[in-house]
Amino acid sequence: MQAAIVTEGLHNADLTAAAKRLECAGTYRDLSTVIICPTRGLIPDRVVQAWMGLIRPMNQKVVGPIFIRGMEVGDAYCQALDLIFGNPELATYKYLLTIEEDNLPPADGLMKLYESIEGQVDGRKYDAVGGLYWTKGEGGQPMIYGDPKQMPKHFMPQVPIADAVQEANGLGMGFTLFRMEIFRNERLPRPIFKTCQEIIPGIGAKLMTQDLYFYENAGRLGYRFASDNRVKVGHYDAATDIVW
């Protein structure tokens, strides 16, 4: 006897599971994204190969990488924002993904960042989430700066929690997804990104990279950041051919 023909299809057979999968992936939402990268002009082939394998959401607007070449890194990010907000189309995009010329994200890294920024992983929404990568060298430190639960506020590296979305006071920018709306906030000090090497009267020396300068100011306005430790990003040293 011939078996009954199933016409409903596998996804329709368990509609609850299928709907949960779509909800988790979030591909039905607006995921429009601009990718930017400051560069000195030469990007290693191993890095480019990783970027080419990066999965982008289907039927969504994802533009870039847009390269800003030969500028100081803080100035490069500011110029990228000026370019975006000066373009009537790009100015409407929802997310900004920063990627740097020595970082190797996993193929599903962007898709996972969409999940974690919208609270699909731990139920908490964030304003920026980054993949987990480390400073180069044997004594490398994770780019998860400062525990928001500890006072006074600081940017000391946290010990990573395996495969968790780990809230922090600051992150790197090697593979980080931001809500574009942050940069529209007029309360955020300008320039938005600034490499600080200065003496402030009455305070003393202030030495800070452009990323932590931004996170410090944005954090004061109540924005929240986290490292998505499921997204493991390699940090490539072209001089030694080692991925840290």
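Here, each number is a calculation from the coordinates, and none is a lab measurement. The structure presented is a predicted model; accordingly, all values stated were derived computationally and were not measured. Positions of Cβ are backbone-derived with ideal geometry, glycine not excepted, and every protein chain shown enters the neighbour counts.
Quick notes on this one:
- Directionally averaged projected area (convex hull, Cα atoms, the stretch 118-204), nm²: 8.0 nm²
- For residue 44, net neighbour charge (Lys/Arg +1, Asp/Glu -1) across residues whose Cβ lies under 14 Å away: -3
- Restriction of the GluC sites (Glu not before Pro) in the stretch 10-119 to DSSP coil positions whose beta-carbon has at most 12 other beta-carbons within 10 angstrom yields 89.
- Cross-link pairs 149/232; 20/125; 94/153; 20/61; 194/232 - those with Cα-Cα distance over 21 Å: 149/232; 94/153; 20/61; 194/232
- Of every Cα-Cα pair in the stretch 66-187, the percent that sits beyond 17 Å: 63 percent
- Selection from 19, 240, 53, by position along the positive dipole direction of the chain (Cβ): 19
- Measuring max minus min along each principal axis, the C-alpha atoms of the stretch 14-96 give extents of 53, 33, 18 Å (largest first).
- Distance between the pseudo-spin-label points of residue 56 and residue 162 (7 Å out from Cα toward the beta carbon): 3.5 nm.
- Between residue 10 and residue 89, the simple label model (points 7 Å from Cα in the Cβ direction) yields a spacing of 3.6 nm.
- The stretch 66-126 shape via C-alpha gyration tensor axes, a/c threshold 1.5: oblate
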